[in-house]
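These notes are about the structure you will find just below.
The values are calculated or read from the model by the stated rules, or taken from the named source; none is laboratory data. Every value quoted in this text rests on a predicted model; they were computed, and no experiment measured them. Don't worry about glycine lacking a Cβ; one is built from the backbone with ideal geometry, like all the others, and counts go over all protein chains shown.
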Amino acid sequence: MPSSVVEVFKRKIQVPLRRFVCLNLALALGLGATMVPLRPATAANTVKAAIIVDANTGGVLYSRSADVRRSPASLTKIMTLYILFAYLRAGKITFDTEFVVTPHAAGQSPTKLGLKPGSTIKVSDAIKALVTKSANDAAATIAENLGGTEANFGSMMTKTAHKLGMKNTTFRNASGLPNKEQLTTARDMAILAMHIMRDYPEYYGVFETRYFTYKGRKYRNHNRLLFGYKGTNGIKTGYTRAAGFNLTASVQRGDKHLVGVVLGGRTGAKRDAALRALFDKHWHKASRGKPSVSSSLIASLLGSSSSSNPPPPSRKPAYALAAARTTMTPTAAARPVTLASAPAQGDASTPGDTVRASLSPNRAAPRGGTKPTQYAGTFHVQVGAYTSQSDAQNRLGMVQQRAPKILDGHMPFTAAFMRGNREWYRARFAGFSKSDARSACVALKRMSLDCIALAAE
């Protein structure tokens, strides 16, 4: 072979060979794919649609195919919980209410808890099952107990979505399992994320739950950003074959707050990398402070038809609602949020305390004969703050064991926040009125348990 040909051949194989050697060295050292993070432009191309929103203003910092309708998959469960939170605040149910599992709910496709027909599950467990495990049987159980049938609950979800300004969204079930008519957009999912944070701040903290233990089994939250992306405080992942890999996430660092949605990722890892890269790229654009715009401006941006408040949940027993009651949209606190292409702002008003109402007398009592209780409210009781989430959870368990009567019916959760460069976790109990939170703290302090009553952020 002529020397010139040999030299050309050597040059052609040297670069690939060096890359091969470097790749194998990286794998041997355990560096793997973390060596070269995806560039934002490359990351965006791994998903079908995306949007990044400044949660302090409602302004859109980035969008790509944000109004193209796609399957939401398990992002659907955010709306399922939005409606459930309305029932909690109105006092129609409590965290200790037990929902009956029907054969329809038990027969849902995985992922699920494996609930059995005729069994019951506490509302608090059903909530955490949706947030962490994304359990489809728990979602269907919520739907049937609140809507009578899952189809009826789907109508409630759609009507609520349209009231919130999610005009391109249709729901047909509570779980996000495949249905050709169940569609949404990245923009609509961002609207929903902002609403659930602002309309139900006393319950939103549950989306930070990293682990959930049910009947001896421990489940890890599918949202991997909670475990490795600074400031992440929720909210939900989703996947079906038709939808691809979806993610809605909220990240708060100091007084900056972004909400992002990506739909149609090729893999879970690429979906997560795409959203992290987009957050990183647009973080410097985020405004500082808190939202401070009136709801009237938001209503005008969405159109006057979106400004009316939906009626509160029905007073009838939750799982006995007639299928014909499809006009019910269960929230009185909902106000439209705009995500226009030009920077806009969201509604900053905090929902006030609501009048607590007990469950209808003809509702079946929870298993064991316990009577339904009447807990609702927008205040939290905080019993500590720790640099370890496990320490915060241990604190919650200890306080709950020592003061079960005081805290019965109030859901424990941890809420992450940044102090300097370190992440801390608040240990809290939800669902108090202002006066009840103060009374609970007085009682806890008498037991030498540190406590503070405060409004949900």
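Taken over the stretch 210-244, the criterion of being surrounded by fewer than 22 Cβ atoms within 10 Å (Cβ to Cβ), within 18 Å of the chain's Cα centre (by Cα) and basic (Lys, Arg) is satisfied by 210, 220, 224, 230.
Here the stretch 95-135 is the region considered, the condition is being without any contact (Cβ under 8 Å) to a residue 24 or more places away in the chain and not in a loop (DSSP other than H, G, I, E, B), and the residue that is farthest from residue 208 (Cα to Cα) is 103. Scanning the stretch 416-452 for residues being farther than 19 Å from residue 213 by Cβ and under 24 Å from the mean Cα position of the chain (by Cα) gives a total of 11. Of the residues 233, 246, the single one that is touching a Ser or Thr at 6+ places or on another chain (Cβ under 9 Å), at pLDDT below 95 and in the same structural domain as residue 105 (by TED's automatic domain parsing) is 233. For the stretch 200-223, the candidate set comprises residues that are without any contact (Cβ under 8 Å) to a residue 60 or more places away in the chain and in a strand (DSSP E or B); within that set, the residue that is nearest to residue 268 (Cα to Cα) is 218.
Looking at the structure I just gave you, is residue 227 without any contact (Cβ under 8 Å) to a residue 24 or more places away in the chain and not in a strand (DSSP E or B)? Here the answer is yes, as residue 227 does meet what is asked. Within the stretch 85-110, count every residue that is surrounded by fewer than 17 Cβ atoms within 10 Å (Cβ to Cβ) and among the polar types (S, T, N, Q). Count: 1. Checked against the criterion of being closer than 15 Å to residue 246 by Cβ and in a loop (DSSP other than H, G, I, E, B), the stretch 184-191 has at least one qualifying residue. Going by the structure shown, is residue 450 surrounded by fewer than 21 Cβ atoms within 10 Å (Cβ to Cβ), of a type in the set (D, E, K, R), assigned to a loop (DSSP other than H, G, I, E, B) and not assigned by TED's automatic domain parsing to the domain that holds residue 253? Yes, satisfied. Can you find even one residue in the stretch 178-190 that is in contact (Cβ under 8 Å) with a residue 24 or more places away in the chain, buried (at least 24 other Cβ atoms within 10 Å of the Cβ) and under 13 Å from the mean Cα position of the chain (by Cα)? Checked against the condition, which is being in contact (Cβ under 8 Å) with a residue 24 or more places away in the chain, buried (at least 24 other Cβ atoms within 10 Å of the Cβ) and under 13 Å from the mean Cα position of the chain (by Cα), the stretch 178-190 yields at least one hit.
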